[in-house]
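The values are calculated or read from the model by the stated rules, or taken from the named source; none is laboratory data. Keep in mind the model is a prediction, meaning the values are calculated, not measured. Cβ: placed from backbone, ideal geometry, glycine included. Neighbour counts: every protein chain shown.
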Amino acid sequence: MALLIDALVACARYEVHFLTHFVDARDRVRNYQVSRIGRGGPISRLGYIMDAPSLYRTLRAIDPCLIYQRVACAYTGICAVYSRRRAVPLLWHVAHDTDVTRETLDPARNFVRLRLEKWAIEYGLKHATRIVVQTRHQAELMKENYGRPADAVIHNFHPPATETIDKSGPVTVVWIANLKPWKRPEVFVRLAEGFRGRDDVRFVMVGAAAPTTGRVGAWQDALLRSIEAAPNLQYVGPRTLAEVNELLARAHIFVNTSTHEGFPNTFVQAWQRDVAVVSLSVDPDRVLEQRHVGIAAHSESQLAAAVRTLTDEPELRAGYVLRGREHATAHHSLRNAEEEVRLIESWRRKAG
């Protein structure tokens, strides 16, 4: 979002307003206006749908020429309602495969919230003026599940790496995600356990633990105990984007264990910083397998074997690193942000 805002502001034709429930209160220079949706603080038990009056009022006050919404939630549907009533184009950018399927991202949440959120998402999917997806697979899922074709496929975009790349330390294997059941952090803990006794390999986990109760709370408590008991695993908690990129600049292997994703930004961040990628289940558009820019494992045993091979064969790892860096440069540069700006401008003109 920040990179797209930068590209829009650079056109010198847009006044950008960023609407969010969670406001970053740090004192820093911004090239856009920030408006809080709702009262801030924790999300209601019924989810983002409870912010509907606040979001709608804020949109009316701003009176936008175009709405860009990313991350599927109740806001998707609320923006679609405003778009239809006020004849304002809505561009929805799909951020996850489950955005365009009948399933939900986090089934651990209460049933009423899940149904309200999914109803709003599906309403937004049906009524958005234009829809951009991250991958061809997402376009296929949306067509198959909802009968709607995507208007464009635009891959995630990142600025080039600016960190000093230093791989002189011990082989470092990293896992980066918040501690959620569908991210399967316990798989990484078991992976580290298999390397116990190898002083030449270190494992690092990055990600925030959330205040939870019930079944998920018990799961997270057990996970944190297992992490603490692992002698070769360091858990550093949440880190800023800059800190994550600095860690990747010194790391050697990045591991993804999620059950599903959209297109992981961490793939691109790793490729840009000469880190070999290994993924247990996620391989968007089969890019790892077909372009050989990483290893797509299909079981925990294959995941462990892949990490062991990349650890023990630096020349093989170097091949994945080179191909990954070239792929990120060719397919995930800021040129994609410029492409999205061109689409926004063309759609806005047609709507006007």
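Please work out if ALA328 is over 30 Å from ALA152 (Cα atoms) and either touching a helix residue (DSSP H, G or I) at 6+ places or on another chain (Cβ under 8 Å) or of a type in the set (Phe, Trp, Tyr) (or both). Spell out how you get there, then give the answer.
Details: over 30 Å from ALA152 (Cα atoms): no; either touching a helix residue (DSSP H, G or I) at 6+ places or on another chain (Cβ under 8 Å) or of a type in the set (Phe, Trp, Tyr) (or both): yes.
No.
Spot the failing condition for VAL187; the list is (1) under 26 Å from PHE254 (Cβ atoms); (2) assigned to a helix (DSSP H, G or I); (3) at pLDDT below 95; (4) not hydroxyl-bearing (Ser, Thr, Tyr), and only one is missed.
Every condition holds for VAL187 apart from (3).
Which residue, of VAL187, VAL174, VAL153, is β-branched (Val, Ile, Thr) and over 18 Å from the mean Cα position of the chain (by Cα)?
VAL187
Looking only at region 142-178, count every residue that is more than 22 Å from ALA276 (Cα to Cα) and not basic (Lys, Arg) and tell me the total.
11
Could you name every one of the helices (runs of 4 or more DSSP H) located completely within region 210-305 that has at least 2 residues being among the basic types (Lys, Arg) and surrounded by fewer than 16 Cβ atoms within 10 Å (Cβ to Cβ)?
214-229
Answer yes or no as to whether ALA249 is touching an Asp or Glu at 6+ places or on another chain (Cβ under 7 Å) and touching a residue at least 40 places away in the same chain (Cβ under 8 Å).
Yes.
Within region 291-334, track down each residue that is within 19 Å of ILE165 (Cβ to Cβ) and touching an Asp or Glu at 6+ places or on another chain (Cβ under 7 Å).
Correct list: VAL321, ARG325.
Restricting to region 56-84, and then to whatever is in a loop (DSSP other than H, G, I, E, B) and closer than 16 Å to ILE43 by Cα, can you tell me which residue is modelled with the lowest pLDDT?
The selected residue is VAL71.
Give the residue, chosen from ARG335, ARG348, ARG286, that is modelled with pLDDT of 95 or more, more than 21 Å from LEU141 (Cβ to Cβ) and not small (Gly, Ala, Ser).
ARG335
Look at region 63-81 and say how many of its residues are closer than 16 Å to PRO53 by Cβ and either surrounded by fewer than 18 Cβ atoms within 10 Å (Cβ to Cβ) or acidic (Asp, Glu) (or both).
Here the count works out to 0.
Looking at (1) surrounded by 18 or more Cβ atoms within 10 Å (Cβ to Cβ); (2) more than 25 Å from ASN265 (Cβ to Cβ), which is the only condition HIS21 fails?
For HIS21, the exception is condition (2).
All but one of (1) surrounded by fewer than 12 Cβ atoms within 10 Å (Cβ to Cβ); (2) assigned to a loop (DSSP other than H, G, I, E, B); (3) not small (Gly, Ala, Ser) hold for PRO53, so report the exception by its number.
Single failed check for PRO53: (2).
Please give the number of the condition ILE344 fails out of (1) under 22 Å from the mean Cα position of the chain (by Cα); (2) not assigned by TED's automatic domain parsing to the domain that holds PRO64.
(2)
The rows are residues; the columns are (1) hydrophobic (A, V, I, L, M, F, W, C); (2) closer than 22 Å to GLU186 by Cβ; (3) out of contact with any His (no Cβ under 9 Å at 6 or more places or on another chain); (4) free of Cβ contacts under 8 Å to residues at least 12 places away in the same chain.
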residue	(1), (2), (3), (4)
VAL268	yes, no, no, no
VAL278	yes, yes, yes, no
ILE295	yes, yes, yes, no
GLU300	no, yes, yes, no
ARG317	no, no, no, no
LEU322	yes, no, yes, yes
HIS331	no, no, no, no
ARG335	no, no, yes, no
